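A.B. asks: The structure under discussion is supplied below as structure tokens; questions concerning it will follow.
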Amino acid sequence: MKTQTLYQEAIKFATAKHVDQDQKVPGTNLPYVVHLSNVAMEIMIASCNTDNFNLGLALQAALLHDTLEDTSTDFAELESKFGIEVATAVSALTKNNELPKEQSMVDSLARIKEMPTEVWAVKLADRITNLQPPPAHWDNERKIAYREEARLILSELKEGNEYLAKRLEKKIDEYQIYITN
Ligand code: NI
């Protein structure tokens with residue numbers, strides 16, 4: 001299937017699923033698909049700067065990355081529509097809610113590292129996209145914790161995509177302006 005078709009199938013499916021939850025980009029009134037398409041945009045630009053990159057897999061994983069975590073979608077549905085590789089990628093990108101919060105990211109990162117590097121790239125792109133000005137209600141401690149989590153993602157996944165690792169590193173540095181020491 002052509003990459004453009006893979007993109008369209010995934011964005012239509014994911015948008016409908018997140019609309020069902022009336023999910024917005026946190027701290028805004030924007031529909032959640034804005035976050036998904038920003039992650040996909042990072043992936044497209046990374047693909048121009050990465051050798052041997054499976055763009056179709058990375059784009060579908062990017063667009064679908066929160067469907068298991070945040071919507072009614074289940075693994076079987078993803079597998080039947082998008083195939084086992086994409087479904088497994090999205091599953092690795094999904095936090096296990098049964099684990100304590102501080103363990104769930106470590107656990108997800110370990111599962112991502114068992115996947116093709118395109119899936120590592122999606123996690124890097126997700127955090128790049130999320131390192132925006134923090135919501136007004138976040139206190140300093142929360143911002144520091146968010147930056148520390150970004151540093152963990154970078155240190156665990158930087159070998160997966162050099163271009164996105166550099167971008168994330170820069171975003172983490174820039175996030176300093178929101179933090180008071
Ligand atoms: Ni995300």
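A.B. asks: On the accessible surface of the chain, probed at 1.4 Å, how many percent belong to carbon and sulfur atoms? Please list the in-between numbers first.
C.D. replies: Numbers: 4820 of 9660 Å².
So the carbon and sulfur contribution to the accessible surface is 50 percent.
A.B. asks: For the chain, how big is the tail of P(r) above 26 Å, as a whole percent of Cα pairs?
C.D. replies: Values: 4317 of 16290 pairs.
The calculated P(r) of the chain puts 27 percent of pairs beyond 26 Å.
A.B. asks: So, one more: Find the centroid of the Cα atoms in the stretch 58-95 and in the stretch 40-55, then give the distance between the two in whole Å.
C.D. replies: 19
A.B. asks: Straight-line reach only, C-alpha to C-alpha below 19 angstrom: list the aspartates and glutamates that K101 could link to, leaving out same-chain residues fewer than 8 apart.
C.D. replies: D66, E69, D70, D126, D139, E141, E148, E149, E156
A.B. asks: If you don't mind, another one. Highest GNM mean-square fluctuation, the chain, Cα pairs closer than 10 Å: which of P100, P26, P134?
C.D. replies: P100
A.B. asks: Between beta-carbons, use under 15 Å as the cut-off and find the net charge around E69, counting Lys and Arg +1, Asp and Glu -1. List each step's numbers first, then the result.
C.D. replies: Values: positive: K17, K95, K101, R111, K123, R127; negative: D20, D66, D70, D74, E77, E98, D107, D126.
Summing Lys and Arg as +1 and Asp and Glu as -1 gives -2.
A.B. asks: Further, regarding this structure: Considering Cα pairs under 8 angstrom that are at least six residues apart, work out the relative contact order of the stretch 18-164 and quote it in whole percent. If you can, show how the numbers build up before the last one.
C.D. replies: Values: 149 pairs, mean separation 35.1, N = 147.
Relative contact order comes out at 24 percent.
A.B. asks: Per residue, how large is the accessible surface of the stretch 3-178? Use a 1.4 angstrom probe and give square angstrom.
C.D. replies: Working: 9070 Å² over 176 residues.
Ligands and nucleic acids excluded, the result is 52 Å² per residue.
A.B. asks: Past 19 Å, Cα to Cα, is the threshold; run K143/K166; K12/K81; K2/K81; K123/K170; K113/K158; K12/K166 against it and keep the listed order. Let's see the in-between values first.
C.D. replies: Numbers: K143/K166 21 Å; K12/K81 12 Å; K2/K81 15 Å; K123/K170 16 Å; K113/K158 11 Å; K12/K166 31 Å.
In this structure, K143/K166; K12/K166 lie more than 19 Å apart at Cα.
A.B. asks: Okay, moving on. Can you list which of the trypsin sites (Lys or Arg not before Pro) found in the stretch 1-33 are DSSP loop residues with at most 12 other C-beta atoms within 10 Å? Kindly include the intermediate steps, with their values, before the conclusion.
C.D. replies: Working: sites: K2, K12, K17, K24; in loops: K2.
Hits after loop and neighbour filter: K2.
The values are calculated or read from the model by the stated rules, or taken from the named source; none is laboratory data. Keep in mind the model is a prediction, meaning the values are calculated, not measured. Glycine also receives a Cβ, built like all others from the backbone with ideal geometry; neighbour counts cover every protein chain displayed. Just the protein is used for accessible areas: all its heavy atoms, side chains included, with ligands, DNA and RNA removed. Shrake-Rupley method; radii C 1.70, N 1.55, O 1.52, S 1.80 Å.
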